[in-house]
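Working notes for the structure below.
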Amino acid sequence: MSRCRVCSAAVREFLDFGRQPLSSAFRSPGETAEEFRFRLAVGICESCTMVQLLEEVPQARRAHQGYPYHSSGSVVMREHFERTARRLLSTELSGGDPLFVEIGCNDGVVLGTVAAAGVRQLAFEPSGEAAGRVHRAFFDAASAREVRAAEGPADVVYAANTLCDVADIAAVLQGAEVLLAPDGVLVFEDPYLGEIIERTSFDQIYDEHFYYFTARSVLAMARRSGFDLVDVEHLPVHGGQIRYTLARAGRRPPTAAVAELLAEEEARRLTAPETLDGFAATVGTIRTDLVKLLGRLTEEGHRLVGYGATAKSSTVLNYCGIGPELVPVVCDSTPSKQGRLTPGAGIPVVPPQAFSAPYPDYAVLFAWNHAEEIMAKERAFREAGGRWILYVPDVHIV
Ligand code: SAM
Ligand code: TMP
Ligand code: ZN
């Protein structure tokens with residue numbers, strides 16, 4: 001039986017995708033070594049309700065060097081992070097000589113914006129992607145202690161799309177406890193289980209998303225580490241996220257938004273067994289519908305491609321058993337993915353310029369979280385008679 005990584009109680013499994021490759025392990029053509037696989041299955045803690053993966057990928061298997069993800073590849077995301085930085089600058093970082101610390105800054109849009117405003121900042125980023133004051137280290141109590149000794153206490157510790165990936169999340173909370181000033185805050189934003197269930201966006205489930213937070217599970221986790229959940233905010237990015245703000249227990253009254261979200265989660269029975277089992281059943285229906293549609297279109301002689309070699313697409317392709325026979329190529333703007341094969345499924349990744357040469361009949365939008373931006377950029381595809389295939393919240397053509 002699996003044990004909760006937050007509170008050690010029993011975890012009940014509700015969805016099993018089988019053995020999956022690592023979502024960022026793109027391969028070179030001709031590579032023959034067997035791909036590493038792990039069991040991608042999700043469960044819920046019967047005590048603290050934290051939804052989490054049942055199997056953790058060993059650290060040594062994770063590709064922090066040469067990580068192909070770049071946050072600033074999307075204009076919408078770049079704007080989102082600039083806005084985030086400006087908001088923090090005008091609120092938590094508006095006092096005398098504040099210190100901002102980011103965990104997992106990647107290519108550094110938030111960090112860069114804070115730095116440009118002349119505020120003291122530094123980041124922990126093991127992949128060493130960003131320029132600036134970056135510690136190439138994991139954030140935990142020991143590394144936090146070093147920074148505290150050198151720089152003094154932090155006013156904000158911030159992380160986007162990172163804490164959901166850290167199985168030993170208690171170590172991060174301990175680090176925040178060491179580093180934060182008495183009135184400092186830990187702010188983090190990650191995919192929200194409520195949105196994943198609402199949209200049946202099962203492709204949010206992959207190796208680098210270990211936790212699927214709710215207000216209730218984050219509150220329970222915060223309290224175990226001497227913090228309180230004092231604010232929540234819905235974010236429209238990456239298919240629906242929540243930004244959580246944690247403060248030291250008793251230092252700040254929670255906003256009304258916290259009680260509202262907790263009540264909403266309760267009313268919709270977000271983590272009840274019937275909700276999670278119903279989600280798993282709908283995921284199975286999407287698999288059947290998608291494979292049937294792609295098979296029919298291919299048989300009818302239509303040309304199909306994929307758009308966006310996302311980490312999410314790894315779950316869809318490998319769980320549904322879709323390979324180059326149904327989706328011959330995937331277009332993607334990330335140079336380090338181009339010329340390589342998608343993990344497991346082995347579909348060649350080509351640059352977006354190949355999309356229009358000539359346009360296919362159908363394109364499966366794996367980067368559906370960037371739908372608005374991509375559809376606007378690729379308007380000529382639809383004008384030429386092309387159609388987008390989406391599989392969230394159900395399989396449909398637009
Ligand atoms: N914050 C960026 C964004 O939202 O687009 C990047 C998110 S990326 C999915 C996660 C980043 O966190 C990676 O660059 C990874 O190297 C880094 N990371 C993972 N675990 C970490 C840890 N314990 N401490 C610091 N950085 C970590
Ligand atoms: P993400 O869902 O993790 O943000 O990944 C988005 C992927 O889609 C990434 O590999 C880059 C790709 N992409 C494009 O190819 N064109 C675009 O316009 C955008 C926004 C993303
Ligand atoms: Zn638990």
When every residue in the range 18-37 that is crowded, with 18+ Cβ neighbours inside 10 Å and away from ligand 1 (no atom under 16 Å from the Cβ) is compared, the one nearest to Phe202 (Cα to Cα) is Gln20
Filter the range 297-306 down to residues that are touching a residue at least 40 places away in the same chain (Cβ under 8 Å) and more than 21 Å from Ser74 (Cα to Cα) and give me whichever is most open to solvent (accessible area, probe 1.4 Å). Arg303
Considering the range 307-328 alone, what residues qualify as being over 20 Å from the mean Cα position of the chain (by Cα) and either crowded, with 23+ Cβ neighbours inside 10 Å or not small (Gly, Ala, Ser) (or both)? Cys320, Ile322, Pro324, Glu325, Leu326, Val327, Pro328
Since Ala159 meets every condition but one in (1) under 25 Å from Glu82 (Cβ atoms); (2) assigned to a helix (DSSP H, G or I), which condition does it not meet? (2)
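Here's the yes/no breakdown for (1) within 16 Å of ligand 1 (Cβ to nearest atom); (2) within 23 Å of Ser74 (Cβ to Cβ):
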| residue | (1), (2) |
| --- | --- |
| Gly104 | yes, yes |
| Val134 | yes, yes |
| Ala149 | no, no |
| Val156 | yes, no |
| Cys164 | yes, yes |
| Leu173 | yes, no |
| Pro182 | no, no |
| Ile197 | no, no |
Could you check the range 306-330 and list, in sequence order, the residues that are farther than 20 Å from Gly386 by Cα, in a loop (DSSP other than H, G, I, E, B) and aliphatic (A, V, I, L, M)? Ile322
Residues of the range 1-28 satisfying the condition of being part of a loop (DSSP other than H, G, I, E, B), touching a strand residue (DSSP E or B) at 6+ places or on another chain (Cβ under 6 Å) and more than 9 Å from ligand 3 (Cβ to nearest atom): Met1, Ser2
For the range 109-127, does any single residue satisfy the condition of being of a type in the set (S, T, N, Q), open to solvent by 70 Å² or more (accessible area, probe 1.4 Å) and either closer than 22 Å to Asp231 by Cβ or not assigned by TED's automatic domain parsing to the domain that holds Thr245 (or both)? no
Conditions (1) farther than 22 Å from Ile205 by Cα; (2) open to solvent by 10 Å² or more (accessible area, probe 1.4 Å); (3) away from ligand 2 (no atom under 11 Å from the Cβ); (4) touching a Lys or Arg at 6+ places or on another chain (Cβ under 8 Å) -> Ala384 fails only (4)
Condition first: open to solvent by 30 Å² or more (accessible area, probe 1.4 Å) and either in contact (Cβ under 8 Å) with a residue 40 or more places away in the chain or within 16 Å of ligand 3 (Cβ to nearest atom) (or both). Now tell me which residues in the range 38-53 satisfy that. Glu46, Ser47
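The values are calculated or read from the model by the stated rules, or taken from the named source; none is laboratory data. Not measured: the values here are computed from a predicted model. Note that we place each Cβ from the backbone using ideal geometry, even for glycine, and neighbour counts take in every protein chain shown. SASA here: full protein model, heavy atoms, side chains in, ligands and nucleic acids out. Shrake-Rupley method; radii C 1.70, N 1.55, O 1.52, S 1.80 Å.
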